[in-house]
Every structure is written in C-alpha cells, then in structure tokens.
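K.L.:
One structure, as structure tokens, below. Some questions next.
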Amino acid sequence: MAIKKQKLKLKVAIIGSSRYEEIDDKYKKISYEAGKAIADSGCILLTGGGAGVSEFTARGAIENGGLCIGISPADNYKNHVDVFKNPTTIFDALIFTGFGHKGRNVVLIRSCDVVVALNGGVGTLNELTIALDEGKDIGILSGSGLTLTYFLDFYNKINNQRKFNGAVIVKDKPKELIKALIELSLKHNN
C-alpha cells in the first residue's frame with residue numbers, strides 16, 4: 001500500500017509572557033483567539049510549553065480542534081513540572097529540550113515557520129531577535145506593550161542598514177495577524 005504524501009502544515013509559534021501577573025483578561029482572550037485562529041486555519045501551534053500566553057493560546061487551539069506542541073526548557077516531564085513550574089495537560093505533546101529558557105527559545109524559533117508575538121518581556125524579546133536572525137516572518141499584535149514597541153523601533157532602525165530575510169508585520173486583531181502571516185509564508189515559500 002502506497003502512502004500518500006501530504007503537504008506539510010504551517011507551524012506557527014506564539015510567543016509572549018509566561019507571567020500570570022502580566023496577563024490580564026484582555027490578553028487571556030487575545031491569546032485564546034490567536035490559538036483559535038491557528039486551529040481554524042489548519043496550522044500547528046508551537047509554544048514555549050509554559051504558563052501564560054502559551055497556555056491560553058494552546059487552550060484556544062485545542063478547544064477548536066487544533067494541535068499544540070509545547071517546546072519545554074526542561075529535560076524531562078518531572079523537571080518541566082517541578083523545576084520550571086509549567087503546566088502539562090493543556091498541550092497535545094511536549095518536546096523536552098533540556099536547554100533552559102534561552103536554549104529552548106532557539107529550538108522553538110527554528111522549529112516554526114512564522115512567529116506571532118502577543119506581549120512579553122525580555123524572554124519574548126530574545127525570541128524575536130532569534131526569529132529576526134533566522135529570517136522568520138514575524139507578526140506583532142499592535143498595542144501589545146513596551147517590549148514589542150522597543151523591538152519594532154529597533155527593527156525599523158536596523159533594517160535600513162541590514163536587510164533581513166523575514167518580514168515584520170503589525171495587525172490589530174489576532175485573526176487578521178494569523179491570516180496575514182499565513183499568506184506571507186505561502187508567498188515566500190512558493
């Protein structure tokens with residue numbers, strides 16, 4: 001029996017804060033909507049495998065028929081829970097990198113096709129600079145906080161001196177952002 005080759009599904013990484021105190025009801029809803037938009041588009045969601053934005057986005061994807069893979073900084077399940085204090089039941093699968101947060105960020109970004117930033121701090125900024133360096137298309141939700149404003153300012157200044165392979169786009173709504181990134185990715189990969 002021959003196996004029918006299927007086209008690979010687009011992998012969308014969602015990045016943002018893991019700190020509950022930085023995520024109000026508005027960002028819980030935005031994260032959920034982003035996960036739903038990814039599921040509705042038939043893409044696979046990749047997250048940092050942690051709490052906060054990763055968790056709420058995963059819930060949006062999974063509750064709407066999507067698939068979510070968490071890329072964990074831990075080296076095993078026990079450390080994922082006990083050391084990193086991350087949830088487990090919300091993800092369809094966890095990949096244990098054993099590289100800590102910074103190393104995990106590289107694996108997460110290299111494993112995805114496009115990156116969506118919803119909010120965040122230094123860790124999110126680290127992921128964004130990796131994505132920029134790796135030539136990933138990046139989508140930023142407008143009004144998502146000071147860190148993303150700093151990143152956009154940096155990108156606009158440095159992009160005049162150095163051209164990056166990926167594009168950076170900004171949209172007002174999660175669904176618009178996901179749709180625009182999918183279209184951009186298809187354009188770049190066809």
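K.L.:
So which residues in the stretch 6-26 are surrounded by 24 or more Cβ atoms within 10 Å (Cβ to Cβ) and in a strand (DSSP E or B)?
P.N.:
12, 13, 14, 15
K.L.:
Looking only at the stretch 120-136, count every residue that is outside any helix (DSSP H, G or I) and either of a type outside the set (Asp, Glu) or crowded, with 24+ Cβ neighbours inside 10 Å (or both) and tell me the total.
P.N.:
The qualifying residues number 4.
To keep it simple, each residue is scored yes or no on (1) touching a residue at least 60 places away in the same chain (Cβ under 8 Å); (2) in a loop (DSSP other than H, G, I, E, B).
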{"position": "28", "(1), (2)": "no, no"}
{"position": "31", "(1), (2)": "yes, no"}
{"position": "37", "(1), (2)": "yes, no"}
{"position": "56", "(1), (2)": "no, no"}
{"position": "60", "(1), (2)": "no, no"}
{"position": "71", "(1), (2)": "no, no"}
{"position": "81", "(1), (2)": "no, no"}
{"position": "91", "(1), (2)": "no, yes"}
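K.L.:
So which of 110, 104 is surrounded by 16 or more Cβ atoms within 10 Å (Cβ to Cβ), assigned to a helix (DSSP H, G or I) and not small (Gly, Ala, Ser)?
P.N.:
104
K.L.:
Ok, one more. Kindly list the number of the only condition in (1) closer than 25 Å to residue 25 by Cα; (2) free of Cβ contacts under 8 Å to residues at least 12 places away in the same chain; (3) among the β-branched types (Val, Ile, Thr) that fails for residue 116.
P.N.:
So residue 116 meets the others, but not (2).
K.L.:
Within the stretch 41-54, can you find the residues that are surrounded by fewer than 24 Cβ atoms within 10 Å (Cβ to Cβ), without any contact (Cβ under 8 Å) to a residue 40 or more places away in the chain and assigned to a loop (DSSP other than H, G, I, E, B)?
P.N.:
42, 51
K.L.:
Right, another one. When residues of the stretch 137-190 are filtered for being of a type outside the set (A, V, I, L, M, F, W, C), surrounded by 16 or more Cβ atoms within 10 Å (Cβ to Cβ), modelled with pLDDT of 85 or more and not in a helix (DSSP H, G or I), how many remain?
P.N.:
Final tally of qualifying residues: 4.
The values are calculated or read from the model by the stated rules, or taken from the named source; none is laboratory data. Predicted model only: the values in this text are computed from it and were never measured. In this analysis, Cβ positions are derived from the backbone assuming ideal geometry, glycine residues included, and neighbour counts consider all displayed protein chains.
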